[in-house]
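The block underneath contains the structure these notes are about, expressed in structure tokens.
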Amino acid sequence: MIPSDLRAMAEQERERQEGFRCRIMVCAGTPCLSAGADVVLETLRQGIAEGGLDAEIESVATGCMGPCSRGPLVKVRSRGKEIVYERVTSESARQILFSVVKGRRPPTVSPLPPDLPFLARQERVVLANSGSVNPERIEEYVAAGGYEALSHALHEMTPDDVCREVSLSGLRGRGGAGYPTGVKWSLARKAPGERKYVVANGDEGDPGAYMDRSIMESDPHRVLEGMALAGYAIGAEQGFIYVRGEYHLAGRRLEGAIRDAERKGLLGSRVLGSNFNFRIDIRTGAGAFVCGEETSLMASIMGKRGQPWHRPPYPAQKGLWGNPTLINNVETFAAVPAVVGRGAEWFAAIGTPKSRGTKVYALCGQVEIAGLIEVPMGTTLREVVYEIGGGIPSGKRFKAAQSGGPSGGCIPASYLDTPLDYESMERIGTIMGSGGLIIMDETSCMPDVASFFLDFCRDESCGKCAPCRVGTVEMHRLLRRITSGTATMDDLVKLEELCELVGTTSLCGLGMTAPNPVLSTLRYFRDEYVDHIRQRRCTAGVCTIAENPAPGAEGEALLHAMGVPGEVE
Amino acid sequence: MPVITLTINDELVSGRRGESLLEVVREHGITLPTLCHMEGLSERGGCRLCIVEVEGSPRPVPACTTMAREGMLVRTHTTRLIRYRRMIVELLLAERNHYCAVCVSVGHCELQNVAAALGVDHVRYEYLSPRVTMDLSHERFGMDHNRCILCTRCVRVCDEVEGVRTWDIAHRGVRSRIMADLNYPWGESETCTSCGKCVQVCPTGALFTKGAAVGEMVKDPGMLRRVLEGRDRKEWEG
Ligand SMILES: Cc1cc2nc3c(=O)[nH]c(=O)nc-3n(C[C@H](O)[C@H](O)[C@H](O)COP(=O)(O)O)c2cc1C
Ligand code: SF4
Ligand code: SF4
Ligand code: SF4
Ligand code: SF4
Ligand code: FES
Ligand code: FES
């Protein structure tokens, strides 16, 4: 395929779509599917077939539309207008179809208001196609402008130009640390090496987060295009996309997308008629959080035990099989086609001076509408919770938002007006992380929240280094003593001391950040810890306080058997 | 090898490019506790006892996996580092079962030595006392998981020096266990050559020679060096 073929393919698909009077889109993201979207889709397809409407109405299974807690979602697009229905059942699906045919409103189901802030307040860049294209048809991605950026780069830009464009855009890594993407690409480009690799990190092990899953499921070609652009920019001919094992649907869609792209000459040898060759292979993770850490991820790709190794050397210097390797998060890659296609300036104009562009969040917990959102960097937490999320249900009060998963921390109500960007979040003791955002109301107990995350880290520790392997277990035990009302103030001191040790001496990011949920809840909700210990009371009413109070100096186990000091000195 | 100059504890010292900080530090007579490091084996960086402070680095770095660089400013014994090392040893002692009085290695144990040198006389953390077993299936050696600190010296010596990789790690986190082959009793291992190298490099009483009584299990730390040097000199080649 050469660039003119790409344009022809886009044109042809657009004409095909315009040939329908109406397109009915059913969200086929994992949350909607688990709420019954497949039945809805089947009902619609049957209705269309029975009514002989195939030529007029097309049903499309798309990726996530956003308000996942209101699924299954159905979007009707006709004559340029869009109507969205929530919580659709077979029955309401029939009504929707009927109303489309008759051109009238369905009798008992009503659509979401067109100005619903959840949808209207977002700015979708990475999720631009999510919920409006069929992720299993490459033509739809191309019709939406897909692979244009790659074509443009291959024929009109040098690899240096691409690196420069990414640098100028101010794009920063969306996988957690926020490292400038352009700098990483330039390092990988300059690193000496015959072979180089591009790796997309789609491991996403944070509890509750599903941004990357959704991007891979909803718009797989966008990730592939971003990876191909990276390959061209740094001089790599091979890419790997590391997908978490639990993400069956994402894996399947990516597999199909790679096959289709290869067949059309958009991946493989001589991409789009240029001299650039680029293959992408999928690697499936077995579900270890630590495999999201870049050095373990590479160990895992090479078929070794998924354990981190010490850096430096960094992957850009020495990665897969000793060669320079560029690792970026899935969302980072997904932003690249827009950066190259629409230009660095356009992208840099969104967001704040130091955090450019948009960010995808998985908004969940105690909010009216939970789901996947994309907003400009610097949008305040208040806007996200109260405008987009529709506020806290049942008239309860907002207590805190937990961001950044097990590496992150809590934002209390007094910081509701904090802009969500890398610097501001770090300043208040949490991190942007990969974009998990858990909203909690007054029924959440903060020591219990901390205990939940420590439990996770303890389970996910790879066991390589002593402070993380044992420290997280002891920290979790201390937290359990606190939440069960059996702790002493001395335990709190021990806990804080362990936070310091594990955070400063662990080998990799898992251990280094494991204490963050404890530290940040202690910072803003210390009273709750003290209440549990001194008053043996859980204000939120979450914890079951033990019948018997703390048994004195338990845990002060003397190392009586250490003995024989004369001999060991 | 080109010579480099760095500052350790306010003293100007020299080292060679390509050396680790640990090597330079030790060459200058400074004692740094280590448990996972062993000369002749690849570095693991797992026990974190050799951490030192390097100017410009936000957190301490392990000396064993950090290369010495020209102009580095290093501190090896700040109060903070000593406190961290003590805590790490306490955690190691709390992780399994370390009843020294009834251990074959008492008096000849690196963990015990490090604990004593650091003045660790009691453990403030809850003993985890996991239910682990002893593997006495090998005809000459034994393996007691209660004493294992997961330094993986056994894994590395078997893989890198003996060349068979009988040992590996099963599970993860605090549930990590040393295992022979694909989790078979050691005695049934089809790869083990019974060379005994793993027993000699094990810093604790986890791997031992059968029949050794309490306090008798003296390891031979020079063994590895002799093997490697002998190989370098091609001592055993026809
Ligand atoms: C324990 C741990 C887990 C991680 N998990 C992920 C993950 O699931 N996805 C991801 O993109 N990055 C993850 N990271 C961050 C990666 O190591 C790496 O920084 C990132 O993939 C780089 O991409 P970026 O520059 O585009 O953010 C994790 C880091 C740590 C320490
Ligand atoms: S910090 Fe935890 S996860 Fe990371 S290497 Fe150490 S034990 Fe493994
Ligand atoms: S291995 Fe060392 S520290 Fe552990 S019980 Fe034996 S002598 Fe004591
Ligand atoms: S005795 Fe030798 S071969 Fe057997 S496990 Fe130990 S090091 Fe490996
Ligand atoms: S058995 Fe000995 S050498 Fe092997 S990991 Fe355990 S303590 Fe280390
Ligand atoms: S999965 Fe359907 S709206 Fe998110
Ligand atoms: S000796 Fe350096 S970390 Fe163990």
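The values are calculated or read from the model by the stated rules, or taken from the named source; none is laboratory data. Fair warning: this is a prediction, and the values are worked out from it, not measured in the lab. Note: ideal-geometry Cβ built from the backbone for every residue, glycine included; neighbour counts use all protein chains shown. For the accessible areas, the whole protein counts, side chains as well, though only heavy atoms, and no ligand, DNA or RNA atoms are used. Shrake-Rupley method; radii C 1.70, N 1.55, O 1.52, S 1.80 Å.
What percent do you get for the relative contact order of segment A:352-444 when only Cα pairs under 8 Å and 6+ apart count? Working shown, then result.
Numbers: 194 pairs, mean separation 32.3, N = 93.
Once divided by the residue count of segment A:352-444, the mean separation gives 35 percent.
What fraction of the Cα pairs in segment A:70-185, stated in percent, has a spacing above 22 angstrom?
Percent of Cα pairs beyond 22 Å in segment A:70-185: 56.
Label-point separation (nm) for B:LYS234 and B:GLU70, each offset 7 Å from Cα along Cα-to-Cβ?
If labels sit at B:LYS234 and B:GLU70, their model points lie 3.7 nm apart.
Which whole-number percent is the relative contact order of chain A (Cα, under 8 Å, 6+ apart)? Present the calculation step by step, with values, prior to reporting the outcome.
Values: 1187 pairs, mean separation 73.5, N = 569.
Relative contact order of chain A: 13 percent.
Can you tell me the relative contact order of segment B:119-238? Whole percent, Cα pairs under 8 Å, sequence separation 6 or more.
Normalised by residue count, the contact order of segment B:119-238 is 25 percent.
Label 7 Å along Cα→Cβ of A:ARG79; segment A:100-120 residues with amide nitrogen under 16 Å?
The answer is A:100-106, whose backbone nitrogens lie closer than 16 Å to the label point.
Once you've got the Cα coordinates, tell me which of A:LYS81/A:LYS184; A:LYS464/B:LYS197; A:LYS190/A:LYS359; A:LYS318/A:LYS464; A:LYS196/A:LYS464 are over 32 Å apart.
A:LYS81/A:LYS184, as the Cα separations exceed 32 Å there.
Rounded if a/c is under 1.5, else prolate if a/b beats b/c, else oblate: with a ≥ b ≥ c from the C-alpha gyration tensor eigenvalues square-rooted, which is chain B?
oblate
Under 20 Å from a point 7 Å along the Cα-to-Cβ line of B:THR78: which residues of segment A:483-502 have their amide N that close?
What the label zone holds, given the 20 Å backbone N cut-off, is A:496-502.
Over all alpha-carbon pairs in segment B:3-77, figure out the percentage whose distance exceeds 16 Å.
In whole percent, the long-distance tail amounts to 41.
Which residue fluctuates most in the GNM of chain B (Cα springs below 10 Å): B:GLY18, B:GLY71, B:GLY56?
Per the Cα network of chain B with a 10 Å cutoff, B:GLY56 tops the list.
Nearest 100 Å² is fine: what is the total accessible surface buried where chains B and A meet, probe 1.4 Å?
The summed interface area works out to 4000 Å².
Within segment A:279-350, list the trypsin sites (Lys or Arg not before Pro) lying in a DSSP loop whose Cβ has at most 16 other Cβ atoms in a 10 Å radius.
Those satisfying the criteria are A:LYS304, A:ARG305.
So how exposed is A:HIS155, as accessible area in Å² (1.4 Å probe, rounded to 10)?
Approximately 80 Å² for this residue.
Between B:ARG225 and A:VAL542, what is the label-point separation in nm under the 7 Å Cα-to-beta-carbon projection?
That separation, rounded to one decimal, is 5.5 nm.
How much length, in nm to one decimal, is gained on full extension between A:PHE98 and A:GLU56, taken as 0.36 nm per residue of separation minus their Cα-Cα distance?
Roughly 13.8 nm would be gained on extension.
Using the Cβ atoms and a cut-off under 12 Å, what net charge is assigned to the surroundings of A:HIS248, where Lys and Arg are +1 and Asp and Glu are -1?
+1
In square nanometres, what is the average projected area of the Cα convex hull of segment A:447-535? Let's see the in-between values first.
Numbers: hull surface 19.1 nm².
It is 4.8 nm².
May I ask which residue of B:GLY29, B:ALA117, A:ASN134 lies farthest towards the positive end of the charge dipole of the protein assembly as shown, with charges of +1 (Lys, Arg) and -1 (Asp, Glu) on Cβ and the Cα centre as origin?
After comparing all options, I get A:ASN134.
Which percent, to the nearest 5, of DSSP beta bridges fully inside the protein assembly as shown are antiparallel?
Taking every DSSP beta bridge within the protein assembly as shown, about 65 percent pair in antiparallel fashion.
Give me the accessible area per residue for chain A, probe 1.4 Å, as a whole number in Å².
38 Å²
Averaged over all directions, how much area does the convex hull of the C-alpha atoms of the protein assembly as shown cover when projected, in nm²?
Details: hull surface 157.2 nm².
Seen from a random direction, the Cα hull of the protein assembly as shown projects 39.3 nm² on average.
At 1.4 Å probe size, what's the solvent-accessible area of A:ARG534? Round to the nearest 10 Å².
150 Å²
May I ask for the percentage of alpha-carbon pairs in segment A:20-113 that lie more than 16 Å from each other?
47 percent
Per Stokes-Einstein, at 20 °C and 1.002 mPa s, what whole-number D in µm² s⁻¹ belongs to segment A:145-349, with the Kirkwood radius over Cα pairs as the hydrodynamic radius?
129 µm²/s
Among residues other than A:GLU56 whose Cβ falls under 15 Å from its Cβ, what is the net charge (Lys/Arg +1, Asp/Glu -1)? Walk me through the numbers on the way to the answer.
On the way: positive: A:ARG16, A:ARG21, A:ARG23, A:ARG45, A:ARG77, A:ARG79, A:LYS102; negative: A:GLU18, A:GLU50, A:ASP54, A:GLU58.
Net charge around A:GLU56: +3.
Please state the shape class of segment B:75-204: rounded when a/c is under 1.5, otherwise prolate if a/b exceeds b/c and oblate if not, all from the C-alpha gyration tensor.
Prolate, because a/c is 1.5 or more and a/b exceeds b/c.
Could you work out the helix-only [θ] at 222 nm for chain A, with each DSSP H run of four or more residues adding -39,500 (n - 2.57) and the total divided by the number of residues, to the nearest 500 deg cm²/dmol?
So the calculated ellipticity at 222 nm is -12000 deg cm²/dmol.
For segment A:288-365, just say rounded, prolate or oblate: build the C-alpha gyration tensor, square-root its eigenvalues into a ≥ b ≥ c, call rounded for a/c under 1.5, and beyond that prolate if a/b exceeds b/c, oblate if not.
Prolate.
Can you divide the C-alpha Rg of segment A:352-444 by 2.2 N^0.38 Å and report the result to two decimal places?
Values: Rg = 11.9 Å, N = 93, 2.2 N^0.38 = 12.3 Å.
With N residues counted in segment A:352-444, Rg over 2.2 N^0.38 Å equals 0.97.
Measure out, as a whole number of angstrom, how far apart the alpha-carbon centroids of segment B:93-157 and segment A:1-64 sit.
That distance is 63 Å.
Quickly work out the A:SER414-to-A:SER4 label distance, labels modelled 7 Å from Cα along the C-beta direction, and quote it in nm with one decimal.
With each label placed 7 Å out from Cα toward Cβ, I get 6.7 nm.
Count neighbours as other Cβ atoms within 10 Å of each site's Cβ, and list the chymotrypsin sites (Phe, Trp or Tyr not before Pro) in segment B:147-238 that are DSSP loop with at most 13 such neighbours. Walk me through the numbers on the way to the answer.
Working: sites: B:TRP167, B:TRP186, B:PHE208, B:TRP236; in loops: B:TRP236.
Sites meeting the loop and neighbour criteria: B:TRP236.
Can you compute the charge dipole magnitude of chain B about its Cα centre, using +1 on each Lys and Arg Cβ and -1 on each Asp and Glu Cβ, nothing else charged? Give it in debye, rounded to the nearest 20. Before the final figure, lay out the partial values.
Details: 31 positive and 31 negative charges, 108 e Å.
Roughly 520 debye, rounded to the nearest 20.
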